[in-house]
Each structure stands twice: as C-alpha cells, then as structure tokens.
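The values are calculated or read from the model by the stated rules, or taken from the named source; none is laboratory data. Here the structure is a predicted model, which is why all the values come from computation and not from measurement. Reconstructed Cβ throughout: ideal geometry from the backbone, glycine too, with neighbour counts over all protein chains shown. Quick note on the areas: whole protein, heavy atoms, side chains included, nothing else; ligands and nucleic acids left out. Shrake-Rupley method; radii C 1.70, N 1.55, O 1.52, S 1.80 Å.
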Amino acid sequence: MNFKTHYSSNKGRESSVLIIYTGGTFGMAYNYEKKFLEPLSFDKITEYIPELAKFDSNIEIISFGLPIDSSHISPNDWKQLAWIIKEKYDLFDGFVIIHGTDTMAYTASALSFMFENLNKPVILTGAQLPIGYLRNDARENLITAIEIASKKNNGQALVPEVCIFFNNKLLRGNRATKVESTNFDAFMSPNYPELAEVGIHIKYNPSFIRQKPNAPFEIQTELSTHFSIIKIYPGLGKELFQHLLDAPKTKAIILETYGSGNAPLHKWFLEAIEKKIFKGIVFLNISQCLMGKVNQNRYETGKQLENMGVVSGGDMTMPCAIAKLMYILQNTKENNLISMKLCTSLRGEMSEMK
Ligand code: ASP
C-alpha cells in the first residue's frame with residue numbers, strides 16, 4: 001500500500017494510535033483568491049494541534065492519495081482503508097479515520113461489514129469547521145477520538161467497533177447518520193443508544209458496546225454496486241417506476257417507503273414488483289422515517305409487500321442498508337440467503353425483528 005506519513009511520535013509509550021487522514025472539512029483552509037474551502041496539506045498538522053505530542057500514546061498520521069471532499073469517496077477508497085488497517089493491525093491499538101462528514105456514515109457502515117472479527121477501535125471523526133479556523137470543532141473531535149481509540153480495560157480495547165465520534169457522542173458507525181449541515185451536532189444514531197457520552201468524563205455504556213470476538217481479524221474488500229434505490233412518493237407514475245425497475249445489471253432494489261414500510265396498493269405497482277421478484281431481483285424495504293422501524297405486518301399497504309417476499313429492513317439507516325447490500329450481494333449467491341442475511345443483524349446494525 002502506498003501512503004504518506006505526515007507525523008510520527010514514537011516515544012515508546014504504552015499504547016499507539018494510527019490516524020488515517022482522508023480529507024473533508026477537517027483539514028481544509030479558505031482559499032481567499034478562489035473564495036471557497038479546499039483541502040490543505042497535512043504536514044503542518046502539529047502547528048494546529050500541538051497537543052499531539054502530549055498524548056500518552058504513540059501517534060502516527062498517514063494519508064493515501066490527495067485529500068478529498070467526502071462526496072468523492074468510493075468503494076475503492078474503502079478498500080484502501082481496509083487494507084491499511086489490515087496491514088497495520090498488529091502495530092497499533094486503535095485507529096482514527098479523519099473523514100468528511102457528508103459520507104462518513106456510509107464509510108463507517110461499509111467498514112463495519114468489510115471487517116470481520118474486529119477487536120480494536122476504528123473511530124471516524126471529522127469537523128464542521130476546519131482546523132485552520134480559530135473557532136473550530138476539529139481539534140476537540142480529533143483529541144477525544146484519539147483518546148477513545150487508545151482506551152483499554154485490562155489490556156483489552158474498550159470499544160472494539162467501527163464508530164463515529166462527533167460533538168461529544170460516540171455512535172456505532174453503522175447506526176449513525178448525518179442529520180445536520182450547519183450546527184456542530186452533525187450525527188445521530190436514531191435507533192440505537194450512544195456508546196459513550198463525553199463531558200468532563202468519557203462515560204462509556206458497556207452494555208451497548210459489541211463484545212470482543214474470539215477469532216482472527218479478516219477483511220472482505222470486494223463490494224457489489226449492482227443495485228438501485230427507488231424512493232416512493234405521491235405521484236410516482238407507472239412508466240417511470242417501470243423504467244427505474246428495469247435498470248440494467250440490477251440484482252437488488254431498495255424501496256424507500258413511507259412510515260412503517262408502506263407503499264401504494266395500485267395493481268400496476270404491486271404487479272411490477274412481483275414480476276421482478278419472480279425474475280430473481282431482491283427487494284429491501286427501508287423507511288423514509290429516520291426513527292422507528294419497518295413493520296410490513298402493520299398495514300395492508302405493507303402486508304402486500306411482505307406477502308410478495310419484499311425483505312424488511314427493520315430499523316437500519318439508509319447508509320447502512322446500502323453498505324450491507326454491497327457486502328451481501330458480493331459475497332452471497334443464492335437469493336434466499338441474501339434475503340435472510342439482509343434481515344439478520346451481522347454487525348449490530350439492526351435490532352431484533354419482532
Ligand atoms: N463536504 C465536506 C465533506 O464531506 C463536508 C465535511 O467534511 O463536513 O468532505
């Protein structure tokens with residue numbers, strides 16, 4: 001793997017954290033000529049956060065490629081992140097990924113599926129205001145993320161999960177979603193409690209944190225993008241719907257439905273879905289509601305989907321559903337297995353279906 005080292009403080013301390021910088025607002029500076037924010041080189045990071053040298057951990061900061069706005073993130077970048085962490089796994093106690101906030105929840109979800117038997121913290125963080133600004137959230141977010149990534153209890157990582165740390169909240173990565181573009185409180189975990197709250201102390205909630213696995217760490221880096229998403233809205237017509245269903249190379253479709261997983265009962269609508277299911281396309285039902293869960297047995301408008309074999313996405317967020325589908329479609333061939341895995345919690349990404 002090719003990467004650039006920006007900073008290294010190997011002082012023989014007890015713990016060690018690798019920081020992987022990918023870009024985002026965190027490391028941006030204002031270009032006064034062009035009048036917009038653009039990524040800056042990370043070589044001068046210690047000028048902005050001199051505290052890095054004071055940590056009780058050895059810290060190394062690396063990056064691969066040019067820093068990017070996270071709108072440009074792709075499964076290929078996730079693959080690179082997964083490989084770096086795999087290569088450096090035994091050398092560090094924890095990992096921090098500095099990432100743009102726009103797609104942070106997608107990256108966190110994807111990594112959670114790509115990593116099997118993760119027993120070290122992988123904490124994604126970023127900022128709403130760049131480190132180069134006098135008033136910013138970047139500094140606090142990074143410092144606390146490093147502390148969490150290095151935290152151990154009896155020699156074992158306290159949070160062996162892919163998480164997002166942002167604005168004093170530690171969230172399970174595949175449960176988080178970006179909800180705010182202006183204020184500092186950018187992320188929430190709509191259907192799962194916070195793993196830790198940060199005030200004067202960092203208050204961990206151990207009962208919500210995943211157990212450390214007892215098997216060797218592995219990565220699965222290949223993902224499939226052969227699926228699409230169709231949002232249901234009043235006025236979605238027959239022709240457009242059919243056109244969307246007919247997109248080439250589609251193996252699965254996420255239906256973004258109303259409320260607890262409801263969609264219209266039009267004959268043409270249900271028949272079009274049924275025909276596709278018959279041809280082997282998997283349908284996953286994710287609600288447009290941020291909170292609560294899909295329950296296809298509640299209304300007639302959901303029951304029809306259930307009867308046809310549409311899979312309920314429970315309380316998964318959309319970024320998580322997308323990442324999970326990419327992972328499962330790549331690694332599972334049979335349709336009934338795909339459907340079964342979709343409605344089973346693989347990495348703590350959904351609550352038990354009742
Ligand atoms: N556009 C930026 C990004 O996602 C926003 C941010 O980092 O907050 O890269």
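Some values worked out for this structure:
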{"quantity": "5 angstrom amide H check on ILE229, placed H, neighbours 5+ away", "calculated": "ILE254"}
{"quantity": "Helix-only CD estimate at 222 nm, as mean residue ellipticity for the chain, using -39500 (n - 2.57) per DSSP H run (n ≥ 4)", "calculated": "-8000 deg cm²/dmol"}
{"quantity": "Solvent exposure, largest accessible area first (probe 1.4 Å, DNA, RNA and ligands not counted), of ASP102, ASP315, ASP90", "calculated": "ASP90, ASP102, ASP315"}
{"quantity": "Accessible area per residue, Å², the chain with all protein chains present, probe 1.4 Å", "calculated": "47 Å²"}
{"quantity": "For the chain: relative contact order, % (alpha-carbon pairs under 8 angstrom, 6 or more apart)", "calculated": "14 percent"}
{"quantity": "Restraint check, LYS267/LYS303; LYS120/LYS151; LYS238/LYS267; LYS231/LYS341; LYS54/LYS151, Cα-Cα greater than 18 Å", "calculated": "LYS231/LYS341"}
{"quantity": "Folded to 0 to 90 degrees: helix 75-88 orientation relative to the chain principal axis, Cα", "calculated": "40 degrees"}
{"quantity": "Cut-off 12 Å between beta-carbons: net charge of the residues surrounding ALA186, Lys and Arg +1, Asp and Glu -1", "calculated": "-2"}
{"quantity": "Choice from ILE164, ILE253, ILE143 showing the highest fluctuation, given a GNM over the chain with Cα pairs closer than 10 Å", "calculated": "ILE143"}
{"quantity": "Candidates GLU334, GLU194, GLU222: whichever shows maximal mean-square fluctuation once the chain is modelled as a Gaussian network with Cα springs under 10 Å", "calculated": "GLU334"}
{"quantity": "Heavy-atom accessible area order for TRP268, TRP83, largest first, 1.4 Å probe", "calculated": "TRP83, TRP268"}
{"quantity": "Region 173-306 - share of DSSP beta bridges that are antiparallel (%, nearest 5)", "calculated": "35 percent"}
{"quantity": "Residue with peak Gaussian network fluctuation, the chain [Cα springs, cutoff 10 Å], from MET28, MET104, MET308", "calculated": "MET308"}
{"quantity": "Local electrostatic count, LYS249, Cβ distance below 14 Å [Lys/Arg +1, Asp/Glu -1]", "calculated": "+2"}
{"quantity": "Cα shape, the chain, gyration tensor, a/c 1.5 rule", "calculated": "prolate"}
{"quantity": "Positive minus negative residues near ASN58 (Lys, Arg vs Asp, Glu; Cβ under 10 Å)", "calculated": "-2"}
{"quantity": "Long-range amide H partners of GLY94 with built H, under 5 Å", "calculated": "SER16, LEU18"}
{"quantity": "With Cα atoms, 0 to 90° folded angle of helix 318-331 axis to the chain main axis", "calculated": "80 degrees"}
{"quantity": "Contact order relative to length of region 6-68, as percent, for alpha carbon pairs under 8 angstrom and 6 or more apart", "calculated": "57 percent"}
{"quantity": "Carbon and sulfur %, accessible surface of region 175-286 computed with the full protein complex present, 1.4 Å", "calculated": "55 percent"}
{"quantity": "Electrostatic dipole magnitude of the chain [Cβ: Lys, Arg +1; Asp, Glu -1; Cα centre; debye, to 20]", "calculated": "580 debye"}
